[in-house]
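Undergrad: I am attaching a structure below and will ask some questions about it afterwards.
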Amino acid sequence: MTAPHQDAPSAGWLDHARTELARAGHRAGGARTAVLEQLAGAGCCQTAQEIHDLLRGTDRRRVGIASVYRVLDQLVGLHLVTKIEFGDGVSRFEAAQPGGHHHHHVVCTGCGRVDPFEDRDLERAIAGSGRRTGFEVTDHDVVLRGRCPDCAGSRGAGEVSPPG
């Protein structure tokens, strides 16, 4: 039962993040607040550059790219944000839900499109694998790679489909 994931993190995540930052002794500065609000409104992962560009696009905030990276590093260190690597040399970031609810990603190898998805059967299979191997699975990352519908539809006549 695979389903697309469209929801942005809840206002609850933003409140949780602010509480945890205050608990860790960080004040609510302009750059930190701007990055938090941007992440809270995002439906999926974003690069630091994308976050920076979106913040620059709003006249209300002037946040430098170095500040964005600094804030993201703090948020990752406090487990408020998940850093995601797709193997392309670019880190992406998304809000880490306090209850552990998460989604996975499918990445187009043609155009780079990234879509989130949820799959209860996959989660059960991962938990079962942990039990069978004797591991207590505390975290996992699943990234599916392939061609999105647009890129698959534009496949050249000489191109060979992958097996499967």
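Undergrad: Regarding the range 120-131, can at least one residue be identified that is modelled with pLDDT of 80 or more and among the hydroxyl-bearing types (Ser, Thr, Tyr)?
TA: Yes, some residue in the range 120-131 is modelled with pLDDT of 80 or more and among the hydroxyl-bearing types (Ser, Thr, Tyr).
Undergrad: Among the numbered criteria (1) modelled with pLDDT under 90; (2) out of contact with any Leu (no Cβ under 7 Å at 6 or more places or on another chain), which one does residue 149 miss?
TA: (1)
The values are calculated or read from the model by the stated rules, or taken from the named source; none is laboratory data. Values in this document were obtained by computation on a predicted structure and should not be read as measured data. Cβ atoms come from the backbone with ideal geometry, glycine included; neighbour counts cover every protein chain shown.
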